[in-house]
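Below is one structure, written out as structure tokens, with a few remarks after it.
The values are calculated or read from the model by the stated rules, or taken from the named source; none is laboratory data. Computed from a predicted structure; not experimentally measured. We place every Cβ from the backbone using ideal geometry, glycine too, and count neighbours over all the protein chains shown. For accessibility, only protein heavy atoms count, side chains too; no ligands or nucleic acids. Shrake-Rupley method; radii C 1.70, N 1.55, O 1.52, S 1.80 Å.
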Amino acid sequence: MGTYLITLVGFLFVIFSYGAAYDPLDPNGNITIKWDVMSWTPDGYVAVVTMNNFQMYRHIMTPGWTLGWTWAKKEVIWTMVGAQATEQGDCSKFKGNVPHCCKKTPTIVDMLPGVPYNQQFTNCCKGGVLASWGQDPQASVSAFQVSVGQAGTSNKTVKLPKNFTLLGPGPGYTCGPAKIVPSTKFFTPDLRRKTQALMTWNVTCTYSQFIAQKHPSCCVSLSTFYNETITPCPSCACGCENKHKCIKSDSKLLSVVGINTPRKDNSPLLQCTHHMCPVRVHWHVKLNYKDYWRVKITITNFNYRVNHTQWTLVAQHPNLNNVTQVFSFDYKPLVPYQSINDTGMFYGMKFYNDLLMEAGPSGNVQSEVLLQKDKDTFTFKQGWAFPRKVYFNGDECMLPPPDTYPYLPNFAHQNLVAFSTLFSSLLLLLLVLF
């Protein structure tokens, strides 16, 4: 019985950790797609489709989201505002007015910024880019209007679409079935009248890194002021299958036209490294004071084809409950469980460093973090100063094995603060004398 229980627990752990779309640092994170039927037409309805990203630190970056579904009957899309179907399909049976899309399984994408005003809709036209809820709630919404024909003309005859799919921009999202929910209520601009949708249904999509990619997309390296050892990212941390296709940083190939052009399949073109990761996060324990300690965080992009807009970095560390100052990133504590405050989200300041450039001299961003010591728990021993988990853009990064972390010299664990203070005093004295 005991062996069976252990096996069952292990199996459930694997399912929830890898196969299922569950993130312990963002347990309620999802993308909810809401359909509000606003009016009936002679052969169908007009609906507003709203996509809300309720994930705290996972956003959808360029080239944006792609939404798909399968019609329950023989529905067609007459018109769309704020989005468009990628294919029209076979509309040869229609005389006169031709639908926008006749496909049984339409594929919908957002409009690009700058489209004519009459093609725009509220919260549309951002190229499919969707900010995370924790970073920018107002930019985490996308919407469009669709006029559906050859459908039911009442809430008793309409059949809900099925088999919803969401790419953001690659795989990873799994969408559940559409479910009828209480009709959405709306207020008029003067807030004196309330109206409601004629019918509403929701679709919930959740993300799984295991489904999204075979290997991690980032890794972590470590260093400290008290040890000369630098712990690099593990070799082949992000897979080395395509190592022969990477580009050396000093290669003449960098001047080839098109090297920095994104591909439709979003395939990376990486700088040659031993870890072969598109992104590396370096955590450096920089300074030690009597009541505080200081960490420098550097994020480096090794991908020649991707600029990371609205990037996010999430770290889990027991001392993040006492962050005193973050110098050149924005910071927000994440508290998925009210009793534990050990996780925080770092992200770039708007118009300053919220864009992580492609690989090259400008392909990095960095900041320093000042943390107050909790004398009951603080220590530099046994890797305590390093993060437990690190996520970049919502994907978990590979950490080095714990036995390779920079270790604290035996002589230092008792007199480390005194040594730092003495060193600073001597340095100041030398400056005064000379």
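Which lysines, on any chain, are close to Lys93 with Cα under 19 Å apart, when same-chain ones fewer than 8 places away are left out?
Reachable lysines: Lys73, Lys74, Lys103, Lys104.
Straight-line reach from Lys350: which aspartates and glutamates have a Cα under 20 Å away, not including same-chain ones fewer than 8 places off?
Answer for Lys350, where 20 Å is the Cα cut-off: Asp136, Asp330, Glu358, Glu368, listed by chain and number.
Over the alpha-carbon set of segment 215-372, work out the extent along each principal axis and list the three values in angstrom, largest first.
Result, largest extent first: 51, 35, 27 Å.
Taking a virtual spin label 7 Å from the Cα of Lys73 along the C-beta vector, which residues in segment 147-176 bring their backbone nitrogen under 18 Å of it?
What the label zone holds, given the 18 Å backbone N cut-off, is 147-163.
Report the Cys residues of the chain lacking a disulfide-compatible partner, meaning no second Cys Cβ under 4.7 Å from their Cβ.
If one checks each Cβ against the other cysteines of the chain, Cys101 turn up with nothing under 4.7 Å.
Taking the Kirkwood radius as the inverse of the mean 1/r across Cα pairs, report the Rg/Rh of the chain.
Reported Rg/Rh (Cα atoms, Kirkwood Rh): 1.05.
Could you calculate the contour length gain from Thr174 to Asn307, that is, 0.36 nm times the residue separation minus the distance between their Cα atoms, to one decimal place in nm?
45.3 nm
Rounded to a whole number, what % of the accessible area of the chain do carbon and sulfur atoms account for, probe 1.4 Å?
58 percent
Report, by chain and number, residues whose modeled amide H sits under 5 Å from the one on Asp354, excluding near sequence neighbours (fewer than 5 apart, same chain).
Met349
Would you grab the residues whose amide H sits under 5 Å from the one on Ala359? Only those 5+ places off in sequence or on another chain, please, with H modelled 1.01 Å from N.
It is Asn303, Tyr304, Arg305, Val306, by chain and number.
Which lysines, if any, have their Cα less than 23 Å from the Cα of Lys185, not counting same-chain residues under 8 positions apart?
Within reach: Lys34, Lys156, Lys159, Lys194.
Go ahead and estimate [θ] at 222 nm for the chain from helices alone: -39,500 (n - 2.57) per DSSP H run with n ≥ 4, summed, over the residue count, rounded to 500.
-3000 deg cm²/dmol
With a probe of 1.4 Å, find how much accessible area segment 72-151 has per residue, and write the answer as a whole number in Å².
Result: 50 Å² of accessible area for each residue.
Just to check, using Stokes-Einstein with a Kirkwood Rh over alpha carbon pairs, what's the diffusion coefficient of segment 30-211 at 37 °C and 0.692 mPa s in µm²/s?
194 µm²/s
Grab the Cα-Cα distance for Asn118 and Asn341, subtract it from 0.36 nm times how many residues apart they are, and report the gain in nm with one decimal.
That works out to 75.6 nm of additional length.
Using a 7 Å offset from Cα along Cα-Cβ at Lys162, what residues in segment 169-186 end up with backbone N under 13 Å from the label point?
Correct set: 177-179.
If you take the beta carbon distance between Met38 and Ser328 as r and set R0 to 45 Å, what does 1/(1 + (r/R0)^6) give as a FRET efficiency, to the nearest 0.05?
0.50
Mind checking segment 135-218 for chymotrypsin sites (Phe, Trp or Tyr not before Pro) that DSSP puts in a loop (not H, G, I, E or B) and that have at most 12 other Cβ atoms within 10 Å?
Here no loop site has a sparse enough neighbourhood.
Send over a whole-number figure in Å² for the accessible area per residue of segment 215-372, probe 1.4 Å.
Working: 7710 Å² over 158 residues.
Per residue, segment 215-372 has 49 Å² of solvent-accessible surface.
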